[in-house]
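In what follows, a structure is listed as structure tokens, so that the remarks can point back to it.
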Amino acid sequence: MRCSRAGRMLARDFITEGMKTMKPNPILKRIPAVLLLALLLGVMSPRTIEAQVVSARQIITLEVHELNVIDVNMEALTLTIHEADVRAGVPLPAINSDGALFWMTNGENKKITVASNNAAPRFTLKLLAVDIQQSAGVLLPEISLNDAQTKDFIVGVSRTTGRCQIRYTASTQISAGVGRETYIITYTITGG
Amino acid sequence: MPRFLHSRIVPIILLLFLGTVEELASQSITLQGGNQTLGITTGLAGSEPVAVINTASSIDFTKANVIQKVTVQTSCLGQRFGLKVVVTSTTLGTPAAEVTLTNGMPATDLVTGVPKRPPGPNNGSCSLLYTASATFAQGNSAELGNDVHTVTYTILAQ
Amino acid sequence: MTLHSCIRLLIVLLLFCSLSRVETTQAQPTDNHTVTVTVATITALQVSSGSVNLSITGAGVVAGQDLMTTVDESTNLVWGINSANRKITAQTGLVAQNFTVRVLAISPTQGSAASEVTLTTAAADFLLNVGRSSGSCGIRYTGLALASQGTGSDSHTITFTVTTQ
């Protein structure tokens, strides 16, 4: 199925001539661009280079910042003094332990302080942390909110979560008469 | 032999033979470049393997007394990957659209309108461009084997 | 022309015709060759970004709860695999971790996501049944820290690998 030598020579000669008049396929006008694109993809694209590996890597950085969070479970409590010890001649204190305090810190050597907005209270309001979880902090003695100073409430709080009940005790003297006082009490986790 | 026989019959016989030879010989097509291999070796993540091309083949053919065309067909049992062919340029006739080569396909036009002779040269040539492609879903040769096509080109009256 | 000359001429003509017919039978209207298509084993894997930052800064942290978390879904993984029976695993190069990072493939276009895993230096399944496919999935990283673990940072080099399932 091969041409004779003479035939092949003739064909070759003509091909040489014919190259000048070859008609390109219009469909192929896009081929140089396609080839160029394929070449670029094959040679330059990092995706292609990476495509030949079986692994891909990624750097993950996890940062944990210092976080101190504190909250109370009840935003409003009411203590009412409505009884008195006749023999002692003093009104009986009112006690409320419904409130609880929660905190969390991943920092070191923190403490929880408390402050009242009432700098000169007419009545007496004290508070004490009770039922604290083990190793969540160190309780301090009962605090009297008789001014607007910030006072330590729980100390030794490090990398922990905690919870305690807050026992409020309201008391008064006969001489203080009757009335109503509102305290805005702020707990803060601080220090370190 | 009488002179009139010599002077009339012999040239006639000669022309008849020559004509026959020319007519049959014109149904000629020859592939140049030999057998070809196209290897797909790279791929894009999230896309598909990069198709490869091959331009090492060409076809030589001859004119006949009728307008002709060149067709292509292939045989590839168990074909898994893609193969296309297109004529990138031709000295005679008009290139057809790219042909997708699939096993058992009918003969499909590759070059049409090869003019009959005369005038002009009796021989033509066209360049072939093969494009092999595959998808990731089609697998690889190590697991499935190669596709071996027997690609047949035919020149015939159009 | 003599008869002898005529015979010689006929012999020459017949010889020529004979040669011509030989030539004619050699010219054929078809020709063929073999074209072989080979496809190499191709495995392509890429993450959309080379780095991810996870920060636990306090958003969503609840007083009284020990565990703090942060989530990142900003990156994805794309792949192309033409081998059968393949999966993608994930592992970290960080041996001593202060905190915990978990990883989960989300919404894979091919294959199926493995369960969320904590990253360790041992390869853990991330995506299953991704042989002979091209697809993508989101990468969900979850950073976890306990209050008791304090502050600091971990830098992981995560390696996703295509391997036999």
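Any read-out appearing in this document is the output of simple, stated calculations on the displayed coordinates, not a laboratory observation. Computed from a predicted structure; not experimentally measured. Don't worry about glycine lacking a Cβ; one is built from the backbone with ideal geometry, like all the others, and counts go over all protein chains shown.
Qualifying trypsin sites (Lys or Arg not before Pro) in the range A:141-192, where qualification requires a DSSP coil assignment and no more than 12 other C-beta atoms within 10 Å, comprise A:180. The distance linking the range B:127-158 with the range A:70-128 is 87 Å (Cα centroid to Cα centroid, whole angstrom).
The distance between label points at residue A:155 and residue A:88 comes to 3.0 nm (points 7 Å beyond Cα on the Cα→Cβ vector). 3J(HN,Hα) couplings calculated from phi for the range B:127-141 with the Karplus curve 6.51 cos²θ - 1.76 cosθ + 1.60 (θ = phi - 60°) are, in sequence order, 9, 10, 10, 9, 10, 9, 9, 7, 10, 4, 5, 7, x, 9, 6 Hz; Gly and Pro show x. Close amide-amide hydrogen proximity is noted between residue B:44 and B:50, each under 5 Å apart and 5 or more residues distant or on a separate chain (H modeled in the peptide plane; Pro and chain starts excluded). Annotation: amide H of residue B:57 within the under-5 Å range of B:128, sequence separation 5 or more or interchain, hydrogens built in the peptide plane. Partner shielding of B:150-157 amounts to 4, given as the average count of beta-carbon atoms from other chains within 10 Å of each residue beta-carbon. With the simple spin-label model, which puts each label point 7 Å out from Cα in the Cβ direction, the residue A:176 to residue A:76 separation comes to 2.2 nm.
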